[in-house]
Amino acid sequence: MAMQLRILDLDGSLAQQTGWVERYQPSISAARDWGPAIRLACSFKRFRRFEQKLATLLPAANGQAPALTFYGSGDFHHVSLALVRRLTVPVNLLVFDNHPDWMRGVPLLHCGTWLYHAACLPMVHRIFHVGGDVDFDNFYRWMAPWQMLRSGKIVVFPGRRRFLRGAWSAVSNEPVRPEEGTPIRSGRAEELLDRYRTELARRPLYISLDKDVLVEQESVVNWDSGHLTLAEVNTILHAFLAAANANLAGIDVTGDWSTVQVHGALRQVLHTTEHPAHVIDPNRARLRNQQTNIELVDMVQAALAASRSRPVMVA
């Protein structure tokens, strides 16, 4: 079964990548009028209105092939919550992200809080957070969902180092790299999933990939760049899809760079205080991210094909 490839155009970053748009002919849903109003953060009431609009922009799959949805800057990562809420069956959730995105106690929906709300959904059985490095063990750690981390509802595989500060000392968090500077290999990825293999085979897998998990040379983003390469993400992706018997509920991809345009004083303050001070060449960002997006589409298709050709694991 082929994937549906689609763009939710919130900021123009993807529509400008004409090379990959012409190559894959994705469906494009116009939503730029929503971008400045939900970028970085918005009220829960506004987000619910956005979800209602999303229901008309992106009709439900209704048994069709799983969708691969691109929707622009990582400033919109909370859009993933809306996509996960549309699921009708229990899933496991795989998140690639340089940041945790699970802050609790914030009185609005923020791109750094969406994962906490996703973890509270009854249809999300277990979350696997892969590749993170920033804001896990600094002063933001008190906002982490410690009960979910201790219980194993959220499983963390950092990108390059084990987290040890504070409560992390009592929570398993094995890095995907066996040691600093050593790229992850397929055997390592499969080893990390050994204890979860039966569970991954029991239900579909939904994947949310923020390209800020990648090194700067492979993705130009609005946030801090991570430490994984595309090859390493590919290795991890193959391991998870194989463990899930290629039973894919859907994928979303965020992390394209775009000029920040926001409505309202709150979002302007968040932009000023939270975004790193980058000097970005827009044309370089477009070309670099276009190539990465092409490789990601090919990567997902190849991983699905390889997983479907393997013997099915019976849970």
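Please treat every number below as a calculation from the coordinates, not as lab data. Treat the numbers as computed from the prediction; the structure is a model and nothing was measured. Cβ sites come from the backbone with ideal geometry, for glycine too, and all protein chains shown count toward neighbours.
At most 11 other Cβ atoms within 10 Å plus a DSSP loop assignment makes a site exposed; report the longest stretch of the chain without any exposed GluC sites (Glu not before Pro).
Value returned for the longest uninterrupted segment is 1-178.
Zone of Ser309 (label point 7 Å along Cα→Cβ, backbone N under 17 Å): which residues in region 274-302?
Only 298-302 pass the distance filter.
Rounded to the nearest 0.05, what FRET efficiency is calculated for His271 and Arg195 with R0 set to 41 Å and r the Cβ-Cβ distance?
Efficiency for this residue pair is about 0.50.
Determine the gain in length on full extension of the stretch Ala170-Asp281; use 0.36 nm per residue of separation and subtract their C-alpha separation, reporting nm with one decimal.
Difference between extended and current length: 35.7 nm.
How big, in percent, is the set of alpha carbon pairs in the chain lying more than 30 Å apart?
Looking at the chain, the distances longer than 30 Å represent 27 percent of pairs.
Starting from 0.36 nm per residue, how many nanometres of slack lie between Thr18 and Ala231 once their C-alpha separation is accounted for?
Difference between extended and current length: 74.3 nm.
Based on DSSP H runs of at least 4 residues, each adding -39500 (n - 2.57), what is the mean residue ellipticity at 222 nm of the chain after dividing by all its residues, to the nearest 500 deg cm²/dmol?
-10000 deg cm²/dmol, from helical runs alone.
Sort region 202-268 into rounded, prolate or oblate with this rule: let a ≥ b ≥ c be the square roots of the eigenvalues of the Cα gyration tensor; rounded if a/c is under 1.5, and if a/c is not under 1.5, prolate when a/b is larger than b/c, oblate otherwise.
oblate
Cα to Cα, under 16 Å, and not fewer than 8 places away if on the same chain: which lysines meet these conditions relative to Lys53?
Lys45
Could you size up the charge dipole of region 1-89 around its Cα centre, putting +1 on the beta carbon of Lys and Arg and -1 on that of Asp and Glu, and report it in debye to the nearest 20?
380 debye
For region 4-308, give the magnitude of the charge dipole about the Cα centre (Cβ charges: +1 Lys/Arg, -1 Asp/Glu; no others), in debye to the nearest 20. Present the calculation step by step, with values, prior to reporting the outcome.
Values: 33 positive and 30 negative charges, 211 e Å.
Dipole magnitude for region 4-308 comes out near 1020 debye.
Might you report the magnitude of the Cβ-based charge dipole of region 135-254 about its Cα centre, with Lys and Arg at +1 and Asp and Glu at -1, to the nearest 20 debye?
With Lys and Arg at +1 and Asp and Glu at -1, about 520 debye.
With a cut-off of 13 Å, note down the residues of region 227-265 whose backbone N falls inside the zone around a label point 7 Å from the Cα of Lys53 toward its beta carbon.
Under cut-off, by backbone N: 263.
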